[in-house]
Amino acid sequence: MNKELAKQIQEIAGVNPRKCMKCGKCTATCPAFDVMEYHPHQFVDMVEKGKVEELMNSKGIWTCLSCMACIERCPRSVEPARVIEAVRVAVARQQGMDHLKPEQIPALLDEELPQQAITSAFRKYRK
Amino acid sequence: MQRIGVFVCWCGSNIAATVDVHKVAETLAKEPGVVFSTNYQYMCSQAGQEMIQEAIHTHKLTGVVICSCSPRMHEGTFRKTCAAAGLNPYMVEIANIREQCSWIHKDMAEATEKAVILGRAAIAKVHLNAPLTAGTSPVTKRALVIGGGIAGIQTALDIADAGYEVDIVEKKPTIGGKMTQIDKTFPTLDCAACILTPKMVDAAQNEKIHIYSYSEVESVKGFVGNFHVTIRKKARFVDETKCTGCGDCTTKCPQKNVPNEFNLGMDNRRAIYIPFAQAVPKIATIDADYCTMLKTGKCGICSKVCAAGAIDYQQKDQLVEEEYGAIVVATGFDPISVEKFDEYAYSQSPDVVTSLEFERLMNAAGPTNGTLLRPSDKTHPHTLVFVQCVGSRCDGDGRGKSYCSKICCMYTAKHAMLCREKYPDTDVYVFYIDVRTPGKNFDEFYRRAVEEYGVHYIKGQVGKVVPENGKLKVQASDLLSNEQIHIDADMVILAAAIEPDKSARPLATMLTASMDTNDFFTEAHPKLRPVESPTAGIFLSGACQGPKDIPETVAQASAAAAKVLGLLAKDNLTCNPCVAQPDEMMCNGCSSCEKVCPYGAITYSDKEFRGPNRTTLIRRVASVNPAVCQGCGACTVACPSGAMDLKGFSNKQIMAEVDAICK
Amino acid sequence: MQEVMKKALELLQNGTVSRILGWKTGDFFYDLTPAVFESAEEVEKDFVFSPFCGANLSKYLIKESRKEGKIAVFLKPCDSYSFVQLLKEHRIIRDNVYVVGVACDGMCDIEKMKELGVKGVTAVREDGENLVCETLYGEKTVARKDALLERCVSCKSKKVVMFDEMLGENGEENPESHRFDKVAELEAMTPDERFAFWQNELSRCIRCNACRNVCPACSCEKCVFDNANSGIANKAAVTSFEEQNFHIIRAFHVASRCTDCGECSRVCPQHIPLHLLNRKFIKDINELYGEYQAGADMDTKPPLMNFTKDDCEPSIVHERGGDK
Amino acid sequence: MKKLSLSKLNELFSALSQKGELYIPADEKNGQAKFTLWQEGLSMTENLNTVRSAKDLFFPQVEQMVDFKVSGKEIEIVENRHTAEDFIIFGVRACDAKSFEILDRVFLSEPVDTFYKERRDHATVVTLACDKPEETCFCTAFGIDASNPAGDVSAWKVGEELYLRANTEKGEKLLSSLNLEDADESAVEETKAEIKKTLEKLPFGKLNLNGFDGEHLMEKFNRPEWAELSEACLGCGTCTFVCPTCQCYDVKDFDTGSGVQRYRCWDSCMYSDFTMMAHGTNRPTQKERFRQRFMHKLVYFPSNNDGIYGCVGCGRCLQKCPIHMNIVKVAKTLGEGEK
Amino acid sequence: MQVNGEYKPTIVAFCCNWCSYAGADLSGTNRLTYPDNVKIIRIPCSCRLNPMFILRAFQRGADGVILCGCHPGDCHYTTGNYYARRRMTLLFSMLDFLGIERERTRVEWVSAAEGAKFAATMNEFTAQVAKLGENKRLEDLRCKK
């Protein structure tokens, strides 16, 4: 339990996990469900309960595609993808090292790829 | 100089926990004019009220200040208390130290200081209060019910039963409302039509009830006891007095492709139509949007087949003016449009339906004559997925409603159960967030659906529905087993949230009745006056006030009727004595006040006055009809000379409050 | 000018009216006094119509129209707006008044001439576009246009809006009056500059009430500032607050009723540009609620006694102000 | 007699301001003059006179009298009267100088108005002869010589010089304390004569006031012309407030929220609520109010004050009346002279 | 008043009886806090607010004045707030014209159901006025303590 860190993550995410009513629509929507050990609604719940260290150590946070379907569908504006992204940022801040340099990213990036997906890719590949 | 008594209430710990009530009473005792000051645990209790009455006698009080909860709560109570002790009730002022002080402040010193200031303002006002006596105005003994659904019908029947005239205005060609479209009712599963249609007939046959069908309220003027309402009778191009409802025209009309709103557009009707067999009044109506005759002037078949000669293509909208003493709003609800929730593919597949559409698909009078068939290919569905909370309980996503629509859990249980009962070969899944079944026999009903009928209730939501190869691929979560589920369904039924009817908002403006942010009418008090609007003489019946099921609606409808009867039983109403009053000596006769008065309460007359040096002057001066004036005060500001003032909220009283607060 | 006196005589002599409201000659050319004339002799002796007839006669009709018999009044274009506004407010009994509209090409202001350095002036004659002044210290010439009253410099209308008879040709409204230029100039200043401007102006106020008492819109039976019961009565501005309070409330009370006749500024002994306050309200009303000219007609509702459902919100004051 | 180059006027003001607050007539932003506290850089007006008279400095429009402090049900009296320091008024015209005499008769006779006396005692008045009177001036009608004004010190502008003459002990003291050149009395004679010549030409200079006295009180009071004269009067207080001799005031209480401030402020007999009493007013129409003002100046005052009129002919009301009704028109209408 | 080095302004809130006063009550019922410097005066309708009252408040030491009424269209008296809206717009504009800080005055429509909006409005308005500090331009020194 790390309440302080959980609070920080909430601040980064800018969402209030307490608004979650555990409907599971995010998880129902998630295309990466099968490759995540924690699912979007669990992310929210764990951050709310302060179980952030487990979350930060999980592989699941890097398997999220940042497709933002859960943001789109969440009826309570909890927006799990933001929470996940915030956890990633928290991890990144702790490690502080980049494994992947921007110039290493080839020109094969799709122009229509959302900004957040690109950022998310940076985070993933520096693991 | 007034002799003022100050009474500081603890409200148990509601006030006393944050406000030092002793200190407030002590400090206010030192104010000029205060001859008695005390505090007590519950001023509104019997003992508290007796304490006030005793002080009025002992200290010969001429004014009373009560520091307590909001005047909206107990001003009336304390006025009565003081009146019983011989003090004019308008010599009482309330300092709101609960809602506007103890409940919002945490620091005791700050809250106490503020309570003292609020007390001082009330004292300053009481110093300038004058005894007021209320006048009376007569009550028109006739009620108007707006909306002819089950709520409106029940209210009208109850009022008529008590012997008063009542009119129903219904915008559709028939009364009956949403309940006419419902197949069975929960938790008893009796047929909706069987219990509703007799009531519709009762209403039609009751000589005290007049039904304005296919009509709308055009304008409302006046005030409690004396409403003046203009009703627009929309042209239906059929003479109501002649039409026998034989239905010949509706079978001969060549325009066959009009979407039938009664079946939610799932089948068609003719351009001239009677909504359904049991419609009341059973009179045909021509749909001007589709009628060839009205559009092109060529056809006229219905006119030819009508034996009664009731067809009148020249008919125009008609405005009817009526007087009422009370108005009941029973405008009901509508399911929201689910188009914003396209993850459920409502617009992509006809097999995704709303619950109300499903209701029609199960109904014997529905488009499939009661056989459940998939709309797309008219085949028997085997796997059905019900999705709960579509658009309900959404917060901040801009798509849905923040509230729980209340009825969906129960009707979905009903649908699932009926489905399994009629078609035991079906698999029925219900995806829910919570199952909410408070109500008599409600939870038992839901459990039966699970236990006896084998409906699969899954805690989780549907993420998306994709139509594929004639199936609906449903992707959902099962939170309890932490799994993502994929179901190939034949039909998906969406429990769409309900919202107030669109006509409610403009109506509220006409009635000056307040609404909440969701467009539900606000009640005068959420607990103690649930069927009255804060606007006097306006009553609320049914789902226009908030989501309700049928028994609740009927209960509230009868409650509203009871309140209306309480009003109509009076010959006269006591008026609010806080009305505008001009000082004739200062009035310029300029008509500024008259121009802004929303009630037409101000008139002018030429009056003789004594001028200087024994002369006589004739001056045009304003006078206010106290029975018509509602005391808004618009005139007091429009008046440049300050001749117009408002009793109970006079310029000097308000300025004294300002002074007390700012000092 | 002679024509006006002839009309007055004619109306008295043919019995159209029993009294004439006009301007009475003074000791000099400029000190004319509004007066009621009851006989042809009086008219012949003292009646005058000259470039110094600035005084707006309409307000006197409140009292005069209530007297026995009919009275004729000479109204310049701007006066006629005040007349209609007063009629609209039921302050004048129309049947007792015979209105003679007089065309006007601007009235002159002795105070302005003195500011131009014409001192000790005892007589004046019109010489084309000039005023030739005899003074204790010799002759001086002033261009007429430089001596015009402030309200005439930015004349809004040369049209007499209501009359029973018109002397001379009736003029037109003048949409190019530029009468809001000074208001706009003030609006463009910072709040600090505006505050300083008005502090300087209003601090000179001596509360003589000339502005109020001359104002046709200020025709209250009893003004709130004289009424001990109003809670805001006061006889002298003790603090700068009371200076501001008086002028804000007065301007507000006449807002949407003020015809911009300019009398307030004409009579202010301290030369406070009071008309700017009224013009500010007029400008705001025109911009926010559509063009409105008080006294232009009998029917249009004054904007402060009217509304539309989609009126702007009060926050527009902040929004329009920007970051200034 | 002393003299000073006008170019050194500023230095004189500077020296005077060392003795106490110095007030001089100076132009305000709108081009009209007002007695203003001198500060470096302030120069004298070119205008003949100020809009408001010099009486303001002795009898201000608003004067705090006493405070009452209220706490709960207790009331405490707090003295807050203005205590004057020595001050000097420079550039007072002959008419205003004469008005002080009239005010003195009112305020300094028993019971003495201590507020007024306090200021009067501390003031030294330096007058200035009028080199360019206006057409509205008629001081001569009241025997005032604008070429030889009264005051503690009289001054004349002659060419590029300013001549100063002490008339009183106070004046003597002031002049001797200044470092001024001596001069001869005769130096101003030519200027005086020139001024007198202009005064001769004043249109109302010889206003006939015969018959305005106690003897004819009822006759004047009952004259029918009052109705016509007052007809156009707006009932504003302009004439009263610019008048150097009007001395009426009202005593008012202001509730500050924590007490009461009692103050007095100028009142005007032209106002409908002037001397309003519980039963109403005894001057119900503007005619009576209007009559009061002029009867007071021209009849009541002289009949109670050795024939001294309550008017000094400064002409301010002639200039400022919004409808140009004034004491001259009244005197001409009701008097025995030319109409 | 200075409290802990910060200026604590006096705020007068005029609330119409039917919507905003009820809204204020609701924010109390929901325990939504706002500064204690806000004091509410109940008036029947926003159209009862005479500009004289606003000026009076400033004279007597208020630093900010806010008027709350029913939303336009929802007035209990049908049209009161429409008049109030025009009156306040013009009055505020005039105050601004005289160089008086426009941030000291505000109109906010608060319904009986908007307890949260009421509290938020009061918090925001108080902060806004506190930033301006003491009311100097419309003060009456006699009324200062």
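Looking at the stretch E:3-20 only, could you name the residues that are more than 7 Å from chain B (Cβ to nearest Cβ) and either in contact with an Asp or Glu (Cβ under 9 Å, 6 or more places away or on another chain) or in contact (Cβ under 8 Å) with a residue 40 or more places away in the chain (or both)?
E:6, E:7, E:8, E:9, E:11, E:13, E:14, E:15, E:16, E:17, E:20
Restricted to the stretch D:175-203, and to residues that are touching a Leu at 6+ places or on another chain (Cβ under 8 Å) and not β-branched (Val, Ile, Thr), which residue is nearest to residue C:27 (Cα to Cα)?
Here is the first cut: in the stretch D:175-203, the residues touching a Leu at 6+ places or on another chain (Cβ under 8 Å) are D:175, D:178, D:180-181, D:198, D:201-202.
With the extra rule that they be not β-branched (Val, Ile, Thr), the set shrinks to D:175, D:178, D:180-181, D:201-202.
Values: D:175: 43, D:178: 46, D:180: 45, D:181: 45, D:201: 15, D:202: 12 Å.
Applying the filter and picking the extreme gives D:202.
Being more than 8 Å from chain D (Cβ to nearest Cβ) and touching a Leu at 6+ places or on another chain (Cβ under 8 Å) is the filter; apply it to the stretch C:212-231 and report the residue that is modelled with the highest pLDDT.
C:216
Which count do you get for residues in the stretch C:245-274 that are under 18 Å from residue C:59 (Cβ atoms) and within 14 Å of chain D (Cβ to nearest Cβ)?
10
Within the stretch C:104-128, track down each residue that is surrounded by fewer than 16 Cβ atoms within 10 Å (Cβ to Cβ), part of a loop (DSSP other than H, G, I, E, B) and of a type in the set (Gly, Ala, Ser).
Result: C:117, C:128.
Name the residues in the stretch D:172-189 that are touching a residue at least 12 places away in the same chain (Cβ under 8 Å) and closer than 18 Å to residue D:147 by Cβ, would you?
Those that are touching a residue at least 12 places away in the same chain (Cβ under 8 Å) and closer than 18 Å to residue D:147 by Cβ: D:183, D:184, D:185, D:187, D:188.
Tell me which strands (runs of 3 or more DSSP E) are completely within the stretch C:10-92 and hold 2 or more residues being more than 10 Å from chain D (Cβ to nearest Cβ), or say none if there are none. Working first, answer last.
Numbers: elements: C:19-24, C:33-37, C:71-75.
The strands (runs of 3 or more DSSP E) meeting that bar are C:19-24, C:71-75.
Could you pull out the residue among E:24, E:57, E:84 that is within 16 Å of the chain's Cα centre (by Cα) and either farther than 26 Å from residue C:253 by Cβ or part of a loop (DSSP other than H, G, I, E, B) (or both)?
The conditions single out E:24.
Please indicate, with yes or no, whether at least one residue in the stretch D:35-51 is on the phi > 0 side of the Ramachandran plot and over 22 Å from the mean Cα position of the chain (by Cα).
yes
Residue D:252: more than 13 Å from chain B (Cβ to nearest Cβ) and within 30 Å of residue E:60 (Cα to Cα), yes or no?
Spelling it out, residue D:252 is indeed more than 13 Å from chain B (Cβ to nearest Cβ) and within 30 Å of residue E:60 (Cα to Cα).
Restricting the first residue to the stretch E:119-139 and requiring it to be farther than 25 Å from residue C:245 by Cβ, which pairs with a second residue that is of a type in the set (Val, Ile, Thr) and surrounded by fewer than 19 Cβ atoms within 10 Å (Cβ to Cβ) meet a Cβ separation below 7 Å and a spacing of at least six or different chains?
Between residues of the stretch E:119-139 that are farther than 25 Å from residue C:245 by Cβ and residues that are of a type in the set (Val, Ile, Thr) and surrounded by fewer than 19 Cβ atoms within 10 Å (Cβ to Cβ), the close pairs are E:119/E:33.
Considering the stretch B:609-635 alone, what residues qualify as being among the basic types (Lys, Arg) and within 14 Å of chain E (Cβ to nearest Cβ)?
none
Taking only the stretch D:267-293 into account, find how many residues are free of Cβ contacts under 8 Å to residues at least 40 places away in the same chain and outside any loop (DSSP other than H, G, I, E, B).
Of the residues in the stretch D:267-293, 4 are free of Cβ contacts under 8 Å to residues at least 40 places away in the same chain and outside any loop (DSSP other than H, G, I, E, B).
Does residue A:37 fit the bill of being at pLDDT below 90 and part of a helix (DSSP H, G or I)?
Numbers: at pLDDT below 90: yes; part of a helix (DSSP H, G or I): no.
No; evaluated as a whole, the condition is false for this residue.
Out of all the residues in the stretch D:312-331, is one or more more than 22 Å from residue C:24 (Cβ to Cβ) and either surrounded by fewer than 24 Cβ atoms within 10 Å (Cβ to Cβ) or of a type in the set (Phe, Trp, Tyr) (or both)? Before you say what the answer is, go through the steps one by one.
Of the residues in the stretch D:312-331, the ones more than 22 Å from residue C:24 (Cβ to Cβ) are D:312-314.
From what's left, either surrounded by fewer than 24 Cβ atoms within 10 Å (Cβ to Cβ) or of a type in the set (Phe, Trp, Tyr) (or both): none.
No, there is no match, as no residue in the stretch D:312-331 is more than 22 Å from residue C:24 (Cβ to Cβ) and either surrounded by fewer than 24 Cβ atoms within 10 Å (Cβ to Cβ) or of a type in the set (Phe, Trp, Tyr) (or both).
If I filter the stretch D:46-65 down to residues being crowded, with 20+ Cβ neighbours inside 10 Å and of a type in the set (S, T, N, Q), which single residue comes out as farthest from residue B:660 (Cα to Cα)?
D:49
Go through B:39, B:96 for me and flag whichever is among the polar types (S, T, N, Q) and either in contact with a His (Cβ under 9 Å, 6 or more places away or on another chain) or modelled with pLDDT under 95 (or both).
Result: B:39 is the single residue among B:39, B:96 that is among the polar types (S, T, N, Q) and either in contact with a His (Cβ under 9 Å, 6 or more places away or on another chain) or modelled with pLDDT under 95 (or both).
For the stretch B:68-109: of the residues being part of a loop (DSSP other than H, G, I, E, B) and more than 13 Å from chain E (Cβ to nearest Cβ), which is nearest to residue B:576 (Cα to Cα)?
Here the answer is B:88.
Scan the stretch C:34-52 and report the pairs whose first residue is touching a residue at least 12 places away in the same chain (Cβ under 8 Å) and whose second residue is crowded, with 22+ Cβ neighbours inside 10 Å and of a type in the set (Asp, Glu), with Cβ atoms within less than 6 Å and a gap of 6+ or a chain change.
Listed pairs, sorted by first residue: none to list.
Check D:35, D:68 and return the single one that is part of a strand (DSSP E or B), crowded, with 17+ Cβ neighbours inside 10 Å and not assigned by TED's automatic domain parsing to the domain that holds residue D:246. So that I can check it myself, show each step before the final result.
On the way: D:68 fails: crowded, with 17+ Cβ neighbours inside 10 Å.
Result: D:35 is the single residue among D:35, D:68 that is part of a strand (DSSP E or B), crowded, with 17+ Cβ neighbours inside 10 Å and not assigned by TED's automatic domain parsing to the domain that holds residue D:246.
Only residues in the stretch E:61-77 that are at the interface with chain B (Cβ under 7 Å from one of its Cβ atoms) and farther than 24 Å from residue E:132 by Cβ count as the first member; pair them with residues that are of a type in the set (Val, Ile, Thr) and assigned to a loop (DSSP other than H, G, I, E, B), Cβ under 6 angstrom, at least 6 apart or cross-chain, and list the lot.
E:76/B:512
For the stretch D:201-249: of the residues being among the acidic types (Asp, Glu) and assigned to a loop (DSSP other than H, G, I, E, B), which is farthest from the other protein chains (Cβ to nearest Cβ)?
That would be D:213.
Could you list, in sequence order, all residues of the stretch B:12-24 that are surrounded by 22 or more Cβ atoms within 10 Å (Cβ to Cβ) and farther than 16 Å from residue B:660 by Cβ? Spell out how you get there, then give the answer.
Residues of the stretch B:12-24 surrounded by 22 or more Cβ atoms within 10 Å (Cβ to Cβ): B:15, B:18-19, B:21, B:24.
Answer for the stretch B:12-24, where residues must be surrounded by 22 or more Cβ atoms within 10 Å (Cβ to Cβ) and farther than 16 Å from residue B:660 by Cβ: B:15, B:18, B:19, B:21.
Would you pick out the residues in the stretch C:96-142 that are away from chain B (no Cβ under 14 Å), out of contact with any Phe, Trp or Tyr (no Cβ under 6 Å at 6 or more places or on another chain) and under 22 Å from residue C:167 (Cα atoms)?
C:97, C:98, C:103, C:104, C:105, C:106, C:107, C:126, C:128, C:129 - these are the residues of the stretch C:96-142 that are away from chain B (no Cβ under 14 Å), out of contact with any Phe, Trp or Tyr (no Cβ under 6 Å at 6 or more places or on another chain) and under 22 Å from residue C:167 (Cα atoms).
Taking into account only those residues within the stretch C:79-96 that are in contact with a Leu (Cβ under 8 Å, 6 or more places away or on another chain) and free of Cβ contacts under 8 Å to residues at least 40 places away in the same chain, which is farthest from residue C:261 (Cα to Cα)?
The extreme case among them is C:94.
If you check every pair at least six apart or on different chains, which have Cβ atoms under 6 Å apart with a residue in the stretch C:179-208 that is closer than 26 Å to residue D:59 by Cα first and a residue that is surrounded by fewer than 16 Cβ atoms within 10 Å (Cβ to Cβ) second?
These pairs meet every condition: C:200/D:29.
Determine, yes or no, whether residue D:211 is at positive phi and exposed (fewer than 14 other Cβ atoms within 10 Å of the Cβ).
Answer is no for this residue.
I'm trying to understand the selection: among the residues of the stretch C:221-233, which are free of Cβ contacts under 8 Å to residues at least 24 places away in the same chain and not acidic (Asp, Glu)?
The initial filter retains those residues of the stretch C:221-233 that are free of Cβ contacts under 8 Å to residues at least 24 places away in the same chain, namely C:221-223, C:226-233.
Matches in the stretch C:221-233: C:222, C:223, C:227, C:228, C:229, C:230, C:231, C:232, C:233.
Based on this model, can you work out whether residue C:180 counts as more than 11 Å from chain E (Cβ to nearest Cβ), surrounded by fewer than 23 Cβ atoms within 10 Å (Cβ to Cβ) and at pLDDT 95 or above?
Spelling it out, residue C:180 is indeed more than 11 Å from chain E (Cβ to nearest Cβ), surrounded by fewer than 23 Cβ atoms within 10 Å (Cβ to Cβ) and at pLDDT 95 or above.
The values are calculated or read from the model by the stated rules, or taken from the named source; none is laboratory data. All of these numbers come straight from a predicted model, not from anything done at the bench. Ideal geometry is used to build each Cβ from the backbone, glycine not excepted, and the neighbour counts take in all protein chains shown.
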